Amino acid sequence: MKYSKDEVIQYTREEDVKFIRLTFCDVFGKQKNIAIMPEELPRAFEYGISFDASAIAGFGDESRSDLLLHPEPETLMPLPWRPEHGRVVQMFSGITHPDGTPFACDTRSLLKRAVEEAKEAGLAFTFGAEQEFYLFRLDENGKPTGIPCDQAGYMDIAPEDRGENIRREICLTLEQMGIRPESSHHEEGPGQNEIDFRFADPLTAADNAMTFQRVVKTVAQRNAMAADFTPKPLADAPGNGFHINMSLRPLDREALFSHMIAGILKNVRSMTAFLNPTEASYERLGRHKAPQYVTWSHENRSQLIRIPAAAGEYRRLELRSADPTANPYLAFALMVYAGLAGIRENLPLCPPADFNLYTADRDTLSRFEKLPESYQEACDAAAASAFVRDRVPAGILAIYCEK
């Protein structure tokens, strides 16, 4: 249900809500929040709630530290793990300067602008997220040990799969928050899990991706486990991927879908610093089904982009290079912009690479462009790209590539 401002205020009274968390994220996608009391809601909706941004990476320094959070009532959701009496809810919030101008490093607003540009072109994109994570045991002090919770493999079941009940609790918690998971299963790595989501508009999908990590970590901790979303938690096991499914409306023009894919392929190297924003990200790429080359194919999981076996409204592309350390707002915005660029430029789609890249010979592989092989190479590609410079605020680019 999407609430209005008045309905949010009424909800807090009727449901005994005592704390409202105004949620946002830094430029790297790390979730932050401020908690306010229900009595402050009218002020929050009308004027915003100020906070000191100088301690948040990329948000400014002590000389210009004041920013305002503006809660968006349609994003209201309960936090089910908090007490029934004196409940806690959250709302995602936009960020402005005190004079009302939008804050350039608010990546959620950046995604909003990308969606609006697509709307003006008569197009709409939808996204579905697939995030992988490991569950590690805790030591006697409650610290992660790096020891997986099990030694199960792909789609194994209990008792070998010891994450089954935790995934169940995660999915039920998400449902209580109004988020609908599509499926869940054990992944290839020991203690590795995946939960997938239904398609949604870009902003909702990104909000859900942010909320998902918080829920997973909370539920894991309640079960004496630690959830790890880093790209390569175990050196000899598969890394964690953030597979991004993207679809296009209207669906009745095949050429638009092909141009969208071509636009992403053309710009993906320059986008990689934002899809894979840590040094560890590049330890994952090119290993255990994580892509290394700029290619596409139907169904083939060794490719950067694959087109799953689906028809009609389920027809989509799956980008397989990103990992869960990516900021979903920034990642989705760049994919929307790249897809739009491909459509506007009528970019032709190259032939598919319908073979296994992991077993192909060197001569065959030499025909394909590689993804960046290090974070520095990815940053160099981003800095040299007119596509990125025109769409990513200079402040965000500097924060990513000068950290």
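Rounded to the nearest whole angstrom, the semi-axes of the ellipsoid equivalent to the stretch 105-151, taken from the Cα gyration tensor as √(5λ), stand at 42, 15, 5, largest first. With r as the distance between the Cβ atoms of E188 and W81 and R0 = 30 Å, compute the FRET efficiency 1/(1 + (r/R0)^6) and round to 0.05. So the FRET efficiency works out to roughly 0.55. Annotation: per residue accessible area for the stretch 1-126 equals 50 Å², rounded to a whole number [probe 1.4 Å, protein chains only].
How much length is gained if the chain between H97 and F368 is pulled fully straight, taking 0.36 nm per residue apart and subtracting their Cα-Cα distance, in nm to one decimal?
Stretched out fully, the H97 to F368 stretch lengthens by 93.0 nm.
For the stretch 282-403, the convex hull spanned by the alpha carbon atoms encloses 137 Å³ per residue. Applying the criteria of a DSSP loop state and at most 16 other Cβ atoms within 10 Å to the trypsin sites (Lys or Arg not before Pro) of the stretch 322-391 yields R367.
For the residue pairs K30/K232; K232/K289; K30/K112; K5/K32, the alpha carbons lie more than 20 Å apart in K5/K32. What's the longest uninterrupted piece of the chain once you rule out the GluC sites (Glu not before Pro) that are loop residues per DSSP with at most 13 other Cβ within 10 Å? Longest site-free region, per DSSP loop and neighbour criteria: 161-278. Between R214 and Y47, the modelled labels are 2.5 nm apart [label points 7 Å from Cα along Cα→Cβ]. Take the Cβ-Cβ distance between D380 and H288 as r, set R0 to 25 Å, and report the resulting FRET efficiency rounded to the nearest 0.05. About 0.45, to the nearest 0.05.
Stretched out straight at 0.36 nm per residue, the stretch from E120 to D390 would grow longer than its current Cα-Cα span by 95.4 nm. Accessible area of the chain with a 1.4 Å probe: how many percent of it is carbon plus sulfur? Whole-percent figure for carbon plus sulfur exposure: 48.
Of [x] 145; [y] 154; [z] 175, which one was derived for volume of the Cα convex hull per residue in Å³ from the structure shown? The value computed from this structure is option [y]. Summary of the geometry: the stretch 191-211 and the stretch 275-294, compared by the centres of their Cα atoms, lie 20 Å apart.
Absence of a disulfide-compatible partner, taken as no other cysteine beta carbon within less than 4.7 angstrom, is noted in the chain for C25, C105, C149, C171, C350. Measuring nothing but how far apart in sequence close Cα pairs (under 8 Å, 6+ apart) lie, relative to its length, the chain scores a relative contact order of 15 percent.
In the context of the full set of protein chains, residues of the stretch 160-256 present 41 Å² of accessible surface per residue (probe radius 1.4 Å, heavy atoms only).
Pairs of alpha carbons in the stretch 1-65 separated by more than 19 Å make up 43% of all such pairs. As a calculated quantity, the FRET efficiency between V88 and R344 at R0 = 56 Å, using C-beta atoms, amounts to about 0.80. Anyone know which of P71, P159, P372 comes out most mobile in the 10 Å Cα GNM of the chain? Of P71, P159, P372, the most mobile in the Gaussian network model is P159.
Accessible area per residue for the stretch 327-400 is 47 Å², calculated with a 1.4 Å probe on protein heavy atoms, without ligands, DNA or RNA. Estimated from helical segments only, the mean residue ellipticity of the chain at 222 nm is -10000 deg cm²/dmol, where each DSSP H run of four or more residues counts as -39500 (n - 2.57). Any idea how far the Cα center of the stretch 325-387 sits from the one of the stretch 151-186, in Å? Taking the Cα centre of the stretch 151-186 as reference, the centre of the stretch 325-387 is 31 Å away.
Taking chymotrypsin sites (Phe, Trp or Tyr not before Pro) across the stretch 86-177, the ones in a DSSP loop with at most 14 further Cβ atoms lying within 10 angstrom of their Cβ are Y154. By the Stokes-Einstein formula, at 1.002 mPa s and 20 °C, the stretch 158-234 with its Kirkwood radius over alpha-carbon pairs has D equal to 164 µm²/s. For the stretch 119-209, treating each Cα as an identical point scatterer without solvent, what Debye log10 I(q)/I(0) comes out at q = 0.14, 0.25, 0.26 1/Å? Normalising to I(0) and taking log10 leaves -0.59, -1.19, -1.22.
The values are calculated or read from the model by the stated rules, or taken from the named source; none is laboratory data. Quick caveat: nothing in here was measured; it's all calculated off a predicted structure. Counting neighbours? That spans all protein chains shown, and the Cβs are built from the backbone with ideal geometry, glycine included. Please note that ligands, DNA and RNA were not included when accessible areas were found on the heavy atoms of the full protein model with its side chains. Shrake-Rupley method; radii C 1.70, N 1.55, O 1.52, S 1.80 Å.
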